[in-house]
Amino acid sequence: GVFARMERPLILKAEPDSRPVSEDLRRMLMELAALTDKLTVEWTPPSDGPERPCVRVLRADGTDTGIAFHGVPGGHEFTSFVLGLYNAAGPGQALDAQTEAALQAIDRPTDLQILVSLSCTMCPELVTAAQRMSAANPHITAQAYDLNHFPALRDKYHVMSVPCLVVDQGRQVTFGKKSIQQLLDLLSQ
């Protein structure tokens, strides 16, 4: 039902590495794209970079929405990934006028990294909120990372629980679920 309400098509740009998880990502994206004509999957050549495997959400013209998932968006993150697609394609989840105005007032590049576990029941709220913000404002990126595949991030930010939000490569590191309003409050500090 979500795909039927999407206003614009999207490109899922897959960036695989040489690990088996990239094959899982390939299968998942192909199955997802088979459900609707609103999604196209593009592949980049495999590379073993530190950000891979990854799927980035692009608009039909190839511009980046700022939404990305590193790993395979499964488990509790499948729903948040689908909501991210809906938010990027429009119309997206409704925002009240005050929240929309506060979101549009962010006029500097803002990078949100959300470190998650696919079994975490609190992670999707933060991922969905961050992706909704990214879909609404081109200055904001929202990249979710399945820590199972990115242990270096767990070590770098001393992650003991998820979700973990890393703002602007470590300017702020916080833990716990957050709504859009809570994220806006955090970013205004």
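The values are calculated or read from the model by the stated rules, or taken from the named source; none is laboratory data. The model shown is predicted, which means the values in this text are computed figures rather than measured ones. Note: ideal-geometry Cβ built from the backbone for every residue, glycine included; neighbour counts use all protein chains shown. All accessible areas refer to the heavy atoms of the entire protein, side chains included, with ligands and DNA or RNA removed. Shrake-Rupley method; radii C 1.70, N 1.55, O 1.52, S 1.80 Å.
Which number in (1) aromatic (Phe, Trp, Tyr); (2) farther than 26 Å from Ile106 by Cα; (3) surrounded by fewer than 18 Cβ atoms within 10 Å (Cβ to Cβ) marks the one condition that Phe175 misses? Unmet for Phe175, out of (1) aromatic (Phe, Trp, Tyr); (2) farther than 26 Å from Ile106 by Cα; (3) surrounded by fewer than 18 Cβ atoms within 10 Å (Cβ to Cβ): (2). Residues being in contact with a Gly (Cβ under 8 Å, 6 or more places away or on another chain) and either over 30 Å from Pro91 (Cβ atoms) or free of Cβ contacts under 8 Å to residues at least 40 places away in the same chain (or both) are entirely absent from the range 33-52. The set of residues from the range 9-27 being surrounded by fewer than 19 Cβ atoms within 10 Å (Cβ to Cβ), under 18 Å from the mean Cα position of the chain (by Cα) and touching a residue at least 40 places away in the same chain (Cβ under 8 Å) comprises Pro9, Val21, Asp24.
Here is the figure for the range 28-52: residues that are of a type in the set (Asp, Glu) and more than 14 Å from Val72 (Cα to Cα) total 3. In the range 162-171, the residue that is least open to solvent (accessible area, probe 1.4 Å) out of those that are at pLDDT below 95 and over 16 Å from His70 (Cα atoms) is Gly170. The one condition from (1) open to solvent by less than 30 Å² (accessible area, probe 1.4 Å); (2) within 18 Å of Gln143 (Cα to Cα); (3) assigned to a helix (DSSP H, G or I) that Thr99 does not meet is (2). So how many residues does the range 102-126 have that are open to solvent by 20 Å² or more (accessible area, probe 1.4 Å) and either in contact with a Phe, Trp or Tyr (Cβ under 6 Å, 6 or more places away or on another chain) or not acidic (Asp, Glu) (or both)? Summing the residues that are open to solvent by 20 Å² or more (accessible area, probe 1.4 Å) and either in contact with a Phe, Trp or Tyr (Cβ under 6 Å, 6 or more places away or on another chain) or not acidic (Asp, Glu) (or both) in the range 102-126 gives 12. In the range 65-91, which residues are in contact (Cβ under 8 Å) with a residue 12 or more places away in the chain, open to solvent by 10 Å² or more (accessible area, probe 1.4 Å) and out of contact with any strand residue (DSSP E or B) (no Cβ under 9 Å at 6 or more places or on another chain)? If the condition is that a residue be in contact (Cβ under 8 Å) with a residue 12 or more places away in the chain, open to solvent by 10 Å² or more (accessible area, probe 1.4 Å) and out of contact with any strand residue (DSSP E or B) (no Cβ under 9 Å at 6 or more places or on another chain), then Thr79, Val82, Leu83, Tyr86, Pro91 are the ones that fit. When the residues of the range 39-64 are filtered to those that are open to solvent by less than 60 Å² (accessible area, probe 1.4 Å) and over 23 Å from Ala129 (Cβ atoms), the one that is modelled with the lowest pLDDT is Gly49.
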